[in-house]
Amino acid sequence: MSTTNKRPLGRPVQQQDSLPTSRQILLTASRLFMEKGFDSVSMNQVAEQSGVTKATIYYYYPAKTDLFVASIAETLSLVNKRINEILAQPGSFRSRLISITENYLKVPQVHIDGMFEQVKQHLNEEQQQTLIRYENGLYETIREAFDAAVLDGEIACEDTLVASHIYISMLRVGERQYDRTQILFPSSREAAEAIVAFLWRGIHM
């Protein structure tokens, strides 16, 4: 009997003309983790919303922590890519910073720092270092943007690394919601403009 073209047992079939199964799982998981937090997301939920079986999830990600690390790393990578795309656009640094801020605030999310602390105890050292590396990549991208703005004479900033951390920390303000009906800003655009305006007072020449 011929055994040609046999695939390994248990390997999920990739649908034609669609995202690879592993990537679809990551995108779904990252959305769920960012919206609900680590504890509130189950492998069953990810499987159902990805349109695959739970066995398929476990084929790619043997444990929930493996899925969490991979999905959040994917999210941070996509965010970093989008920031670089905005920074490459024409316009003043201030206008591009507002655009970056607005894009960030349009995505419903549990703040990454808080989620890391919540999940940290469940992660091994390698997993923790993976997330730290991707998170630091965001700070480095923003720091480089601040450096470029200093060189172009748009801002005055002695420590761009501190400035980048302050800026990213300020993004929490734009997410502030007191209850289901009362929010600090009526729109992500107004939040972005207010955050950057406040920051600008400290770095504008």
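Once the other residues with Cβ under 13 Å from the Cβ of residue 80 are scored (Lys, Arg +1; Asp, Glu -1), what is the net sum?
Working: positive: 81, 82, 133, 143; negative: 74, 85, 135, 140, 144.
Net charge around residue 80: -1.
Would you list which aspartates and glutamates come within 19 Å of residue 54, measuring only between C-alpha atoms, while excluding same-chain residues fewer than 8 positions from it?
Qualifying aspartates and glutamates at Cα under 19 Å: 39, 66.
What are the residues whose amide H is under 5 Å from the amide H of residue 155, where those residues sit 5 or more places off or on another chain and H is modelled from the backbone?
Here 150 satisfy the definition.
Using the Cβ atoms and a cut-off under 12 Å, what net charge is assigned to the surroundings of residue 50, where Lys and Arg are +1 and Asp and Glu are -1? Don't skip to the end; give the middle numbers.
Working: positive: 23, 31, 54; negative: 48.
Within the 12 Å Cβ shell, the charges total +2.
Enumerate the residues in region 126-155 having an amide nitrogen under 19 Å from the point lying 7 Å beyond the Cα of residue 81 toward its Cβ.
Zone members listed by number: 131, 133-142.
For each of 71, 22, count neighbouring Cβ atoms within 10 Å of the residue's Cβ, then give the residues from fewest to most. Mind dumping the intermediate values first?
Numbers: 71 23, 22 18.
Placing the least packed residue first, the sequence is 22, 71.
Starting from the Cα coordinates of region 64-203, work out the convex hull volume and express it per residue in Å³.
Values: hull volume 16.1 nm³, N = 140.
Hull volume normalised by residue count: 115 Å³.
Which lysines, on any chain, are close to residue 81 with Cα under 19 Å apart, when same-chain ones fewer than 8 places away are left out?
Within reach: 106.
Find how much the distance from residue 106 to residue 19 grows on full extension, using 0.36 nm per residue of separation minus their present alpha carbon separation; answer in nm with one decimal. All intermediate terms of the calculation are to be shown ahead of the outcome.
Values: separation 87, 0.36 × 87 = 31.32 nm, distance 2.39 nm.
Extra length available between residue 106 and residue 19 comes to 28.9 nm.
For region 29-124, just the Cα set please: Rg and Dmax, both in angstrom.
15.8, 50
Since every read-out is calculated from the coordinates, none of them should be taken as a lab result. Keep in mind that this is a model prediction, so the values were computed, not measured. Note that we place each Cβ from the backbone using ideal geometry, even for glycine, and neighbour counts take in every protein chain shown.
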